[in-house]
Structure formats: structure tokens, C-alpha cells
Amino acid sequence: MINNKKDFYLQQLKQDLRDLKKYIEEFSLFLPIPVCSVNPLGVIIDANRAFYEITGYKKGEKIKGETIFRVEHLFEDKKKWKELEKRILKKEFIKGEETVMITEDKKRIPVTLSSSRREDDQGTMIGYFLAFIDITDIKILQENLEKKVKERTKELQEKVEELEKFHKLTVGRELKMIELKKEIKKLKEELEKSKGRQ
Amino acid sequence: MLSKEKAKKIIGIEGNVRGEGILTDIEYVRKRKGEGGVRKVEERLAELGYPIKFKEIQSLDWYPQGLDILKILVMKEIFNWTDKDIFEMATLAPQISFLVRMLIKYFISPKKSFEQSPNYWRQHFDTGELEAHKSSEQKKYFVFRVKNYKTHPIMCVILAGYFLQMSKYVLKSKEVTIKETKCIFKGDHYDEFIVNWV
């Protein structure tokens, strides 16, 4: 009877584990954001499909001649990554930090990086998760906008200069006319005077 | 060339392994030889009297150790693989293994990882035991001993690959080596592996 119960619980536990594993795998496959799990020594232990797709690296293959995948390979600015890593290891939660990812074929991808620390039951740090959001499109949009703003500013500047010239010209003309009018008036007065004398 | 008689003897080897061990090796075949390669392994196993569908293997269930070994020997035979290929397969396996993701809590420092390695063994095998015999971070070595585990000489190659890879997960050094210094198949009472790093 006890054995039957034990077997039942064991079978149940096995089924639960299988279901859990399947759920994790399905969720990992679905997740469109590249995510990886890193140990405290900077070795990638696990990553989802989106991560391998964006980086171009392949699961279960040598990475830069090594059988382990060091997270530092992902960053263009290694110094900046070291600083970020220090902050992560010091329990700091990183969110939306801009950096540049380097893919297997040396392509630069601007990304925002977020991290979350992992701890065991005793609170010991066992690693961290990293999530990358590709901001290439946003960057292109931003660059285009900046370019447009520059162009518009230049156009406006030119218009302002034109207006200033026009202003100068019209104001000058106005002054000239006032002067001429004064002169005409003066001449008229002189003419009247000379008529009176005659 | 494997014969039915030899296969029967191998299948009779005592002990069980987690399905994950079988699946990670099959994934390696898939990467190097494609789906056709996997089918070839299945066909050869069927010829030897042990038909198996790898898709039906559950990673957390237990399977006969003999079947795992026979599958490795079949791979060697049909792909003309040497021990060097099998060693490489073992070093790349943890990158794919689901169990390794569950065991990440052990990969947090060289000391902790070394001390916890017997747990890692028990997650994979139900026979034999792994002894974290001696280690020195100053002198840069780990000594692992595998006791009461006499299965097949090919497993010495597999274990060397696993231990090397597990060590790489927790060592910053890029130059890590492993050497089998005692072998149960060469008259010793146990297998001994020494990991060194620079």
C-alpha cells in the first residue's frame, strides 16, 4: 500500500517535472526578446531562441574556439560591459541601458540591456538574467529625425537671413524715402519763397 | 564492427542514466550529421536488436546505461568517429543540456562547484559515485575520482569531456586541461581525473 502511494507520488512528480520542462521550453521558444542566463563568472548557461537568432551564434557549437560561451563576447565596449557587470553583481537592477551588441558575423546592433539577479534559497547569488532589446529601428528613426531637424533648422536659418536682408533693404528704402520727402518738402518751400520774392 | 552478441553484452551493463544524456549526444549528431545521421543511429541500433526512437526519450527519465553506451559505440562505428570526436561531443553537451540549467546553482565559484560535483553526478547516473577528492585554487587543480563505476572504456572519454566542461564553467582561465591519471580498466581501483588550469 505504502509502495503504491510512493509510486503514485513519484509518477505524479515525474509528470509535473515533464510539464514544467515543456512549459519552460515553450515559453523560451515563444519569447521574442533575446534572453540569456549567465553564471557569476560570466559564462552563458542558457539562452532562448531569439537570443541565438539575434547573435547568430549556434547552440552546442564552439564560440570563438571555446566550448563555453562568455558573455563578454557580446559587447563592443568591453570596458562598459565590465562596469555594468560590476553593478549587476552588486545587486543593482539594470534597466534599459544602451549598449552595442556584436554578432557572430561582427554586425553591430544597438540594444538596450536589462538584467535581473538570480539567487538560491539561501540568498546566494547564482547568476543573472540578461535581456536585450534591439533598438536598430528606433536608432534609424532617431537619426532620420535628427537629420530632418538639422535640415529644417538650416532652411529656417536661411529664411531668417533672407528676411533680415529684406528687412534691411526695406527699412533702408523707407529711410531714403523719408529723406527724399524731406528734401522735396524743402525744395518746395524754397520754390514758394522764390516765387514770393518775384 | 559491433555484433549482436557484443551489443547484448553492452546492454547488460549495470546502471541507468538520465534521458538527457542520450538526448544531448543525439543533438550533437543532429548538428554534425543532420536528421539523416540521427536516423542512421536509430537504424543501426534496430539492426543490433535495440530499436529506439530518440524522439520518445524523456530527458528526466532513467534509461539503461548499456543503451547509452551502445548508442555512443554505434555513432563511432557509422560515422568513423574517434575518441577525440566523442570527447568533443561530451564537452559541448552541457551547452544543450536541460539538467545543466537546473544545476546552475552549483556553478558559482570553483570551490563551490568542486564541492557540489557529487550532486551533479547523482543527477545523471544511478550507479557509481563521484568524489571531489582534492582541489587547490592556488596550485590550480581539481582531482575527481569516480568509484564503483566500471561500465565501458568509452565512458572514460565521456567523463573527461564532462568534467573538463564543468570546470570551464567556473574557471576564468581559458587554458584548462584534463588528464585521466587512473583507470579502472587499467587495473586501478577507480578512475581519477586531474583538471589543471593556467
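The values are calculated or read from the model by the stated rules, or taken from the named source; none is laboratory data. Given the structure is predicted, the values throughout are model-derived calculations rather than measurements. Don't worry about glycine lacking a Cβ; one is built from the backbone with ideal geometry, like all the others, and counts go over all protein chains shown.
Could you please find all residues in the stretch B:154-179 being within 15 Å of the chain's Cα centre (by Cα) and either among the β-branched types (Val, Ile, Thr) or assigned by TED's automatic domain parsing to the domain that holds B:ILE10 (or both)?
Selection gives B:ILE154, B:VAL157, B:ILE158, B:ILE178.
Provide a single number: the residues in the stretch A:37-87 that are in a strand (DSSP E or B) and within 13 Å of another protein chain (Cβ to nearest Cβ).
Residues in the stretch A:37-87 being in a strand (DSSP E or B) and within 13 Å of another protein chain (Cβ to nearest Cβ): 10 in total.
Out of everything in the stretch A:102-129 that is more than 11 Å from chain B (Cβ to nearest Cβ) and surrounded by fewer than 13 Cβ atoms within 10 Å (Cβ to Cβ), what residue ends up being farthest from A:GLY56 (Cα to Cα)?
For the stretch A:102-129, the residue satisfying everything is A:GLY123.
Picking from A:THR112, A:THR99, A:THR103, A:THR124, which residue would you name as being among the hydroxyl-bearing types (Ser, Thr, Tyr) and under 20 Å from B:VAL170 (Cα atoms)?
Step by step, each of A:THR112, A:THR99, A:THR103, A:THR124 is checked, and only A:THR124 is among the hydroxyl-bearing types (Ser, Thr, Tyr) and under 20 Å from B:VAL170 (Cα atoms).
Please indicate, with yes or no, whether at least one residue in the stretch B:106-113 is among the polar types (S, T, N, Q), closer than 19 Å to A:ARG70 by Cβ and touching a residue at least 40 places away in the same chain (Cβ under 8 Å).
yes
Is the stretch A:12-35 home to any residue that is more than 29 Å from A:THR124 (Cα to Cα), modelled with pLDDT under 90, more than 9 Å from chain B (Cβ to nearest Cβ) and assigned to a helix (DSSP H, G or I)?
yes
Return only the number of the condition from (1) within 14 Å of another protein chain (Cβ to nearest Cβ); (2) in contact (Cβ under 8 Å) with a residue 60 or more places away in the chain; (3) closer than 28 Å to B:LYS31 by Cβ that A:PHE132 does not satisfy.
(1)
Taking A:GLU92, is it farther than 29 Å from B:PHE163 by Cα and in a strand (DSSP E or B)?
Spelling it out, it is not the case that A:GLU92 is farther than 29 Å from B:PHE163 by Cα and in a strand (DSSP E or B).
Does at least one position in the stretch B:135-153 carry a residue that is over 29 Å from A:LYS22 (Cβ atoms) and either part of a helix (DSSP H, G or I) or assigned by TED's automatic domain parsing to the domain that holds B:TYR63 (or both)?
Checked against the condition, which is being over 29 Å from A:LYS22 (Cβ atoms) and either part of a helix (DSSP H, G or I) or assigned by TED's automatic domain parsing to the domain that holds B:TYR63 (or both), the stretch B:135-153 yields no hits at all.
Does B:LEU23 count as within 13 Å of another protein chain (Cβ to nearest Cβ) and outside any helix (DSSP H, G or I)?
Here the answer is no, as B:LEU23 does not meet what is asked.
Please go through (1) within 14 Å of chain A (Cβ to nearest Cβ); (2) loosely packed, with under 15 Cβ neighbours inside 10 Å; (3) hydrophobic (A, V, I, L, M, F, W, C) for B:MET1 and return the number of the only condition it doesn't satisfy.
(1)
Say whether the condition of being crowded, with 16+ Cβ neighbours inside 10 Å, at the interface with chain A (Cβ under 10 Å from one of its Cβ atoms), closer than 22 Å to B:ILE10 by Cβ and in contact with a Phe, Trp or Tyr (Cβ under 6 Å, 6 or more places away or on another chain) is met by at least one residue in the stretch B:78-98.
yes
Among B:PRO51, B:PRO110, which is more than 18 Å from B:ILE154 (Cβ to Cβ) and within 13 Å of chain A (Cβ to nearest Cβ)?
Only one candidate qualifies: B:PRO110.
For the stretch B:12-38, how many residues meet the condition of being within 23 Å of B:LYS147 (Cβ to Cβ) and among the basic types (Lys, Arg)?
1
In the set A:PHE69, A:PHE8, which member is within 18 Å of A:PHE129 (Cα to Cα) and not β-branched (Val, Ile, Thr)?
None of the other options fit; the residue is A:PHE69.
Evaluate the stretch B:114-125: report whether one residue or more is more than 10 Å from chain A (Cβ to nearest Cβ), among the polar types (S, T, N, Q) and closer than 21 Å to B:TYR28 by Cα.
yes
Restricting the search to the stretch B:161-198, which residues are among the aliphatic types (A, V, I, L, M) and in a loop (DSSP other than H, G, I, E, B)?
Listed by number, the residues that qualify are B:LEU171, B:VAL198.
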